[in-house]
Every structure is written in structure tokens, then in C-alpha cells.
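Trainee: The structure is given below, and queries will be raised subsequently.
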Amino acid sequence: MRWTNYHSHSHFSDGKFAPELYIEAAIAQNLTAYGISDHGPHPFSGGSNLTLEGLSAYSRHIHELKAKYSNQIQIYCGMEIDYIPFHVGVSHPSIKNTPLDYTICSVHHAGFFEDGKIFGVDNSAAGFEKGIQEIYNGDTRALVERYFELTRTMLQ
């Protein structure tokens, strides 16, 4: 069986290394295809996402690597896009204007704290508990329902 991977993050967002190191590791492991899918920009990012200004450099770099390694592996330029209603999603103009081979849509956030900070559902245990208590009044079921409501809306 030949393996592929289409979900990876590089130093362009919250990964550790340059995309080329991941591609070289994929080649060494005999993958047939590899996709870089760094976290796309959104206005609430704490530094672990691409910036709007960095989109073109990201895309250009991945496409250069695609050409460089074309005889060894299929490389795809992707992006993991957060769905945050009224703020960002796959239809955001900056995303639509970036030459991507694919997108991964994700719901990582489910509300806002009173201070305007966004509640990340895959935050630390303490941050998760804080969100349940402060945004959902301790009602875990309400959070779960909101999460799946956001997921359904994102898919639509």
C-alpha cells in the first residue's frame, strides 16, 4: 500500500520546520503524495496562523517545492481554514484569491469571551473549562450543540 498525507503544518503556521524538511521526510518514507496545509489567517490569531500578508509567500514557496520535487513526489498546496461566522471561511476573498490545490475546513472556535477574545475548543484543559463556564454557563451540552451547529453551517 502506498501512503499519502494531506494534512501537515510547517513553520508558516504552528509547525516546527520548513515545508521542505517534511517533503524530504515524506520522500524518504516512500509517500506518493504530500500536502502542506498550514492554518489560514483569521483576525483572532495568536501567532499560530498564516497572516494575510504571508499568504502569497506561502503559496509561492509551496508551488516552488512542487516543481522542485515533481519527479519524486506529488506535492499539493493546501490550507486549513477556520470557520468563524462573519469573519473567515473558505469563501473569504483572501482565501479564494490564493492559488491552492485544496482546503481543509475546520471549526476550532466556538464563541467569544466578554473581553472579545475567541474561545478555542482545542485549547488547554484550563482554557476549555473557562470557555464552558464563562460562555456556556457550565453547560457542556450547549457547547457541543454549538460546535456541531457551526460544523453543519460550515459544510453548507
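Here is a yes/no grid of residues against (1) touching an Asp or Glu at 6+ places or on another chain (Cβ under 8 Å); (2) in contact (Cβ under 8 Å) with a residue 24 or more places away in the chain; (3) closer than 20 Å to G111 by Cα:
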position: P19; (1), (2), (3): no, yes, no
position: T32; (1), (2), (3): no, yes, no
position: I36; (1), (2), (3): no, yes, no
position: S48; (1), (2), (3): yes, yes, yes
position: G54; (1), (2), (3): no, yes, no
position: Q74; (1), (2), (3): no, yes, no
position: M79; (1), (2), (3): yes, yes, no
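Trainee: I'd like the full set of residues that are open to solvent by 50 Å² or more (accessible area, probe 1.4 Å) and of a type outside the set (A, V, I, L, M, F, W, C), limited to the stretch 6-26.
Mentor: Y6, H7, H11, D14, K16, Y22, E24 - these are the residues of the stretch 6-26 that are open to solvent by 50 Å² or more (accessible area, probe 1.4 Å) and of a type outside the set (A, V, I, L, M, F, W, C).
Trainee: Let me ask you something else. Does G78 satisfy the criteria of being under 15 Å from the mean Cα position of the chain (by Cα) and at pLDDT 95 or above?
Mentor: Details: under 15 Å from the mean Cα position of the chain (by Cα): yes; at pLDDT 95 or above: yes.
Yes, satisfied.
Trainee: Which numbered condition trips up H7, out of (1) of a type outside the set (D, E, K, R); (2) part of a loop (DSSP other than H, G, I, E, B); (3) more than 20 Å from H109 (Cβ to Cβ)?
Mentor: Among (1) of a type outside the set (D, E, K, R); (2) part of a loop (DSSP other than H, G, I, E, B); (3) more than 20 Å from H109 (Cβ to Cβ), the lone unmet condition for H7 is (3).
Trainee: Only residues in the stretch 101-116 that are closer than 17 Å to M154 by Cβ count as the first member; pair them with residues that are in a strand (DSSP E or B) and open to solvent by 40 Å² or more (accessible area, probe 1.4 Å), Cβ under 8 angstrom, at least 6 apart or cross-chain, and list the lot.
Mentor: What qualifies is Y102/Y76.
Trainee: Right, something else. Restricting to the stretch 104-133, name every residue that is closer than 24 Å to G35 by Cβ and open to solvent by 60 Å² or more (accessible area, probe 1.4 Å).
Mentor: Hit for the stretch 104-133 is D122, nothing else.
Trainee: Of the residues that sit in the stretch 123-152 and are more than 20 Å from the chain's Cα centre (by Cα) and not in a helix (DSSP H, G or I), which one is nearest to F113 (Cα to Cα)?
Mentor: Within the stretch 123-152, the match that is nearest to F113 (Cα to Cα) is N137.
Trainee: Can you name every residue in the stretch 27-58 that is assigned to a helix (DSSP H, G or I) and open to solvent by 50 Å² or more (accessible area, probe 1.4 Å)?
Mentor: A28, S56
Trainee: Can you tell which of S59, S91, S8 is small (G, A, S) and touching a Pro at 6+ places or on another chain (Cβ under 6 Å)? Reasoning before the result, please.
Mentor: Details: S91 fails: touching a Pro at 6+ places or on another chain (Cβ under 6 Å); S8 fails: touching a Pro at 6+ places or on another chain (Cβ under 6 Å).
Just a single option satisfies the conditions, and that option is S59.
The values are calculated or read from the model by the stated rules, or taken from the named source; none is laboratory data. If you're wondering where the values come from, they're calculated on a predicted model, not measured in any experiment. Methodologically, a virtual Cβ is constructed for each residue, glycine included, from the backbone with ideal geometry; neighbour enumeration extends over all protein chains shown. Accessible surface is based on the protein model in full, side chains and every heavy atom, while ligands, DNA and RNA are left aside. Shrake-Rupley method; radii C 1.70, N 1.55, O 1.52, S 1.80 Å.
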